Amino acid sequence: METRSLRKARELNAESERGMEEYRIHNSSTLIARLPNEVLSAIFLLYKSAVIEAYRQGNTYGLTKYGAVPWISPTHVCTSWRSVALECAAFWSSFILENPRATRQLLLRSKQHPLVVAASRRSENSLVSFVKCLSIVLKESQRIETFDLSSVTRSL
């Protein structure tokens, strides 16, 4: 026997699902949703390049909250953009050594794409965490194209 509150919860869940489906249908009819995945991936990579350049110059524009991958914000727009980004190995192949968990995940997502790795400039990262990240990424040393340790040497 179904209680009144359980029935109400199921009704709310069904209503929410219908609303999400209407939202997905609406989003799929927009002009940007018609872009081929390859074009969207290229746009993501251009955005990533711009963010990396700004980051190197010290202009974080509030992106530090994203840690190891400050250009990740397009993946938070919608599920289709996230899916496209997850399939684009080049999008994940450049990163900052922030924490071991993120480093492992980025290595997986970057597949066999060449890596561009930088040390973290953030002072709150412990030396232990940095050494763990370093040991993880060095297991993929054959893939490392660029390894920027300049921020570590500046802080020593």
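Details
- Nonlocal amide H pairs with Asp148, under 5 Å, H built at 1.01 Å: Val117, Ala118, Ala119
- Accessible-area order (highest first, 1.4 angstrom probe) of the listed residues Ser135, Ser129: Ser135, Ser129
- Spin-label model distance (nm) - Val116 vs Ala50, 7 Å beyond Cα toward Cβ: 1.6 nm
- Area of Leu127 that stays accessible when all protein chains are in place (1.4 Å probe, Å², to 10): 130 Å²
- Hz values of 3J(HN,Hα) by residue in region 129-141 - Karplus curve (6.51, -1.76, 1.60), Gly and Pro given as x: 5, 4, 5, 4, 4, 4, 5, 5, 6, 5, 5, 10, 4
- Largest first, the residues Glu22, Glu140, Glu53 sort by 1.4 Å accessible area into Glu22, Glu53, Glu140.
- Residues with amide H under 5 Å from that of Ser94, placed H, sequence gap 5 or more: Val116
The values are calculated or read from the model by the stated rules, or taken from the named source; none is laboratory data. These figures come from a predicted structure and were not determined experimentally. Ideal geometry is used to build each Cβ from the backbone, glycine not excepted, and the neighbour counts take in all protein chains shown. We work out accessible area using only protein heavy atoms, side chains counted, and drop any ligands, DNA or RNA first. Shrake-Rupley method; radii C 1.70, N 1.55, O 1.52, S 1.80 Å.
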